[in-house]
Structure formats: C-alpha cells, structure tokens
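Scroll down for the structure; my scribbles are underneath it.
The values are calculated or read from the model by the stated rules, or taken from the named source; none is laboratory data. What you see is a predicted model, and the numbers here were worked out from it, not measured in a lab. Backbone-built Cβ (ideal geometry, glycine too); neighbour counts: all protein chains shown. Surface areas here come from the heavy atoms of the whole protein model, side chains and all, with no ligands, DNA or RNA. Shrake-Rupley method; radii C 1.70, N 1.55, O 1.52, S 1.80 Å.
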Amino acid sequence: MTSTFPAPGPFAQARLAEAQQPSAETAISVKGLWKIFGPGEHKIIGTPLADLTRDELRLATGSNVAVRDVSFDVRPGEVFVVMGLSGSGKSTLIRCLTRLIEPTAGEVMFDGEEIGKASQARLRDLRRHRFSMVFQHFGLLPHRRVIDNVAFGLEVRGEPKKARRDKAAQMLALVGLEGQEMRYPDQLSGGMQQRVGLARALAVDPDVMLFDEPFSALDPLIRRDMQNEVLRLHNEVGKTMIFITHDLAEALKLGDHVAIMRAGQIVQIGRPEEIVGAPADDYVADFVQDVPKSYVLTLGWIMREVRPEDPLDGPAYPSTTIIREAVRDVACSDSPIRIVDDGKLVGVVDRSMVLAAIAGTEPEA
C-alpha cells in the first residue's frame with residue numbers, strides 16, 4: 001500500500017476523536033441494517049452463516065447479502081455521501097431507508113419514528129411529504145410539460161392546480177430553468193432534464209432528499225455543473241441530503257461526511273479530509289492514493305503548534321481552509337500562516353508543510 005501523507009496533527013487528531021463519538025443530533029439514524037436476498041433471508045442473521053463471505057453464503061444457501069450490518073447517523077442539514085463500486089450495496093441501502101426495498105433486519109429512525117414499524121399508509125405519507133428521491137434515470141413524464149412534471153408530487157397530494165403550478169415555477173427558477181416551463185422533456189438536454197428532476201424533488205419541500213447516482217449518465221462537463229448546482233441548492237435551501245455515487249471525486253466534492261462501502265459493509269465514515277488523510281484500511285488507501293491532498297486536506301489537518309521563534313506577522317486563515325486556497329499567500333510570505341479560529345491563534349502552517357502537501361511527501365521536521 002502506498003503510504004499516506006500527511007499524518008494528522010494534534011488538531012486533526014482531535015477531529016478524528018470527535019468523529020468517533022455519536023452525533024448529538026441526527027436527521028436519520030441507521031442501526032444494524034441488513035438486506036439479504038434469497039430463500040434464507042430471515043434465517044441467516046444471528047447464525048454462523050452470517051459470518052460467511054458473500055460468495056460462501058451464496059454457495060451455502062443460495063442467498064445474497066446486499067447490505068450487511070450497516071450503521072450510521074446523518075446530521076440535519078448535511079450532505080451525507082455513500083460511495084462504493086458497482087455491487088457494493090449502496091443503491092440497495094438507500095432504498096431500504098424508505099422501504100422501497102424491505103430491509104431484512106435493523107432499524108431506521110427518522111425524527112424519532114422507526115420507519116420499519118410504519119404502516120403502508122404512513123409510508124406513503126412520508127414519501128409524499130418528508131422524503132424525495134432523485135434517480136439516475138430522470139423518470140420524467142414525456143407527455144407532460146416541464147411545469148407539470150415538477151408539480152406532479154403536489155398533484156398527487158391533491159393540491160390545487162394554481163398553487164402547485166406557482167410552486168413549480170418557483171422551483172424551476174431556483175434551478176435555473178425559468179422560461180422553460182411549457183416545453184416538453186424531450187426538448188431539453190440531459191442536464192436540463194436532471195434539473196427538472198431536482199426541481200420536482202424540491203417542490204414537495206421534503207425534509208430529506210435522496211440521490212441515487214443522479215449524474216452518472218451525464219457528460220463530464222454537465223456532471224460538474226450539476227454537482228455545483230447541488231452544492232448551491234444545498235447552501236440556499238439547507239436540506240438534509242443522502243447522495244449515492246461510485247465516483248470518489250464526486251463524493252469528496254459534495255460530502256460533509258462520506259461513507260465508503262465494500263461488499264455490503266461500510267469500511268469507513270468520515271469527513272473528506274479524514275477519508276483522504278487517514279484511510280481506515282488498504283482498500284480505502286488504494287482509492288485515495290491518487291487524490292491531490294492539497295485539494296481536500298485543510299490547514300487544520302497539517303498545522304503544528306506555535307513555537308517561540310515563529311514570527312506571527314503572516315496571513316491568517318481559519319483551520320477549515322483547504323490547503324490549495326492558501327498557496328498564493330504562502331508563496332508571498334516569509335512568515336508561517338497563522339491558523340485562527342474564533343479569534344484565537346490555534347497553530348501555524350509553514351511553507352515546507354504546504355509544499356509537502358502539494359507534493360504528497362512528508363514535511364521536513
């Protein structure tokens with residue numbers, strides 16, 4: 001395995017320790033979630049069979065474990081990204097959250113309510129009012145105009161035509177499609193169609209938005225634009241978002257927290273800088289070894305304590321600043337960068353540390 005630079009400093013170590021603590025406030029809490037497909041679905045958990053690998057279990061029982069004992073918390077207003085390769089179980093996982101696929105075992109708590117105990121009527125109510133989902137395939141109704149596609153969820157709720165069209169028009173303006181209301185989906189580009197899907201998901205004013213690889217079929221430039229659109233909308237509307245992707249760069253760009261899945265299990269959960277700077281095992285390390293560290297790690301990750309001989313007239317940045325954003329000031333200053341949080345000097349970063357981060361090597365002592 002390629003060694004990972006840099007080792008976390010004291011500030012980053014404190015962040016890592018904090019990340020291991022349960023979140024005080026959660027939007028969604030998942031505990032011990034399983035999904036097994038096959039004849040032995042409800043007879044495997046709690047037996048020695050549950051310890052078998054996927055292939056071993058398939059040979060022994062004809063069943064397949066898609067999600068294996070998964071637990072995580074999603075905080076209100078954050079973008080929580082689940083990243084994994086094809087077959088890792090990520091799409092099954094997101095569908096289990098609202099029981100589009102029935103979990104085999106485990107608990108999904110939303111706002112104090114256990115989703116697994118909800119009646120079918122309650123599930124329909126949750127899906128119409130509190131959750132919305134954006135899929136890879138846009139799922140637009142080809143015979144309906146754009147504005148009526150966006151208003152479809154409101155129509156299902158039974159809201160009056162004028163009210164739902166007014167709301168749909170507001171959402172189209174929010175996603176940059178003002179003036180496209182009366183066109184049909186096949187008259188729009190792929191990126192514009194996905195914006196219609198975003199507007200439709202937002203129109204019902206959900207508490208949680210679920211994205212299942214929504215941009216994977218788009219061209220790279222359009223995909224980048226849509227990622228930026230999600231970030232902009234998140235900043236504007238502040239929705240809790242769970243985002244599924246197989247693309248590491250997308251996960252690191254969008255996620256406040258990122259969960260890496262492999263063979264139905266989560267192998268690491270952390271902030272992007274924690275995933276890149278402190279991979280949990282060789283599998284994660286292989287994923288992140290080619291990621292430019294200076295584009296993900298923060299000054300807080302590499303900072304050191306202030307020494308008596310340090311000049312303190314250098315530029316000041318908060319600890320959350322991405323390293324590459326400070327490169328120009330590092331090049332122009334002979335003094336270390338001061339790391340200041342809440343008006344307090346908490347550390348410094350010198351030129352050698354930033355250059356080492358860019359090069360992906362260990363800094364000089």
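Would you pick out the residues in segment 84-93 that are closer than 17 Å to Met209 by Cβ and either out of contact with any Leu (no Cβ under 9 Å at 6 or more places or on another chain) or modelled with pLDDT under 95 (or both)?
Looking only at segment 84-93, we keep the residues that are closer than 17 Å to Met209 by Cβ, and these are 90-91, 93.
Within segment 84-93, Lys90, Ser91 qualify.
Selection within segment 280-305: residues that are part of a loop (DSSP other than H, G, I, E, B) and surrounded by 23 or more Cβ atoms within 10 Å (Cβ to Cβ). The member of this set that is farthest from the chain's Cα centre (by Cα) is Met303. Is one or more of the residues making up segment 249-259 over 27 Å from Val65 (Cα atoms) and open to solvent by less than 10 Å² (accessible area, probe 1.4 Å)? Yes, some residue in segment 249-259 is over 27 Å from Val65 (Cα atoms) and open to solvent by less than 10 Å² (accessible area, probe 1.4 Å). Looking across Ala201, Ala121, Ala169, one residue alone is open to solvent by 40 Å² or more (accessible area, probe 1.4 Å), in a helix (DSSP H, G or I) and either modelled with pLDDT of 90 or more or among the polar types (S, T, N, Q) (or both). It is Ala121. Name every residue in segment 31-51 that is hydrophobic (A, V, I, L, M, F, W, C) and surrounded by 17 or more Cβ atoms within 10 Å (Cβ to Cβ), in order of residue number. The answer is Leu33, Trp34, Ile36, Ile44, Ile45, Leu49.
Looking at the structure I just gave you, is Glu213 within 20 Å of Glu78 (Cα to Cα) and open to solvent by 10 Å² or more (accessible area, probe 1.4 Å)?
Details: within 20 Å of Glu78 (Cα to Cα): yes; open to solvent by 10 Å² or more (accessible area, probe 1.4 Å): yes.
Yes.
Selection of first residues in segment 27-44 that are on the phi > 0 side of the Ramachandran plot and of second residues that are assigned to a strand (DSSP E or B) and open to solvent by less than 10 Å² (accessible area, probe 1.4 Å), restricted to Cβ pairs under 8 Å at least 6 apart or on distinct chains, gives the following pairs, ordered by first then second residue: Gly32/Val70. With respect to the conditions (1) over 26 Å from Leu126 (Cβ atoms); (2) open to solvent by 50 Å² or more (accessible area, probe 1.4 Å); (3) not hydrophobic (A, V, I, L, M, F, W, C), Gly158 falls short on a single one, namely (1).
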